[in-house]
1. Which of these values of Cα extents along the principal axes in Å was calculated from the structure shown: (1) 77, 43, 27; (2) 44, 43, 35; (3) 78, 38, 22?
2. Quick one: how many lysine pairs in the chain have C-alpha atoms under 26 angstrom apart, if they're 8 or more apart or on different chains?
3. How far apart, in nm, are two points set 7 Å out from the Cα along the Cα-to-Cβ line at ILE111 and at VAL7?
4. Which percent of the accessible area of region 1-112 is formed by carbon and sulfur heavy atoms (probe 1.4 angstrom)?
5. Ordered by packing density, taken as the mean number of other Cβ atoms within 10 Å over each peptide's residues, highest first, how do 60-72, 43-55 rank?
6. Percent relative contact order of the chain, based on C-alpha pairs within less than 8 angstrom and at least six residues apart?
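The values are calculated or read from the model by the stated rules, or taken from the named source; none is laboratory data. As the structure is a prediction and not an experimental result, all values here were calculated from the model. Neighbour counts run over all protein chains shown; Cβ positions are idealised from the backbone, glycine included. These area figures cover heavy atoms from the full protein model, side chains too; ligands, DNA and RNA do not enter into them. Shrake-Rupley method; radii C 1.70, N 1.55, O 1.52, S 1.80 Å.
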Amino acid sequence: YEELSKVDNAAFTCAASFGNVHGVYAPGNVDLQPVILHNSQKYIKEKLSSDDNKPMFFVFHGGSGSSTEDIRYAIEAGVIKMNIDTDTQWAFWDGIRGYEAANHDYLQGQIGNPESPDKPNKKFYDPRMALRAGEESMAGRLCKAAEDLNC
């Protein structure tokens with residue numbers, strides 16, 4: 001930190017580990033300790049004799065599956081970026097899965113569905129429709145992340 005701080009207009013982040021992991025795990029298998037970030041800020045502040053209560057910017061790697069409480073406590077400690085790739089991947093897939101489930105009977109052939117054995121299904125099997133459902137689902141997850149991050 002001391003060396004990097006000497007760079008003109010220095011703006012850097014630290015991806016500190018505080019129990020966070022990449023991927024998703026069953027509840028109880030990850031023990032986040034954002035207090036580590038709070039303690040690190042205190043240590044850096046004292047070490048540098050800084051007036052800034054949050055001299056370090058942190059990145060929250062492995063934020064997928066984290067509780068809103070842990071996210072907000074980490075933000076209070078100086079987290080300015082959080083990675084949620086696993087959550088966004090699942091949200092995209094879940095949108096596609098939901099589209100298939102809702103339109104299952106229209107996706108079994110090019111022609112013929114519950115409405116008529118002669119009715120075409122092109123508008124249902126158009127891949128853009130399923131992809132759009134994935135995009136909408138992922139956008140919803142991103143809105144939730146913005147809410148969790150107080151954006």
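1. Of the labelled values, this structure produces (3).
2. Lysine pairs meeting both conditions in the chain amount to 13.
3. 6.4 nm
4. On the way: 3660 of 7070 Å².
Whole-percent figure for carbon plus sulfur exposure: 52.
5. Working: 60-72: 18.7, 43-55: 12.7.
Sorting 60-72, 43-55 by mean packing, highest first, produces 60-72, 43-55.
6. Numbers: 191 pairs, mean separation 29.1, N = 151.
Dividing the mean separation by the residue count of the chain yields 19 percent.
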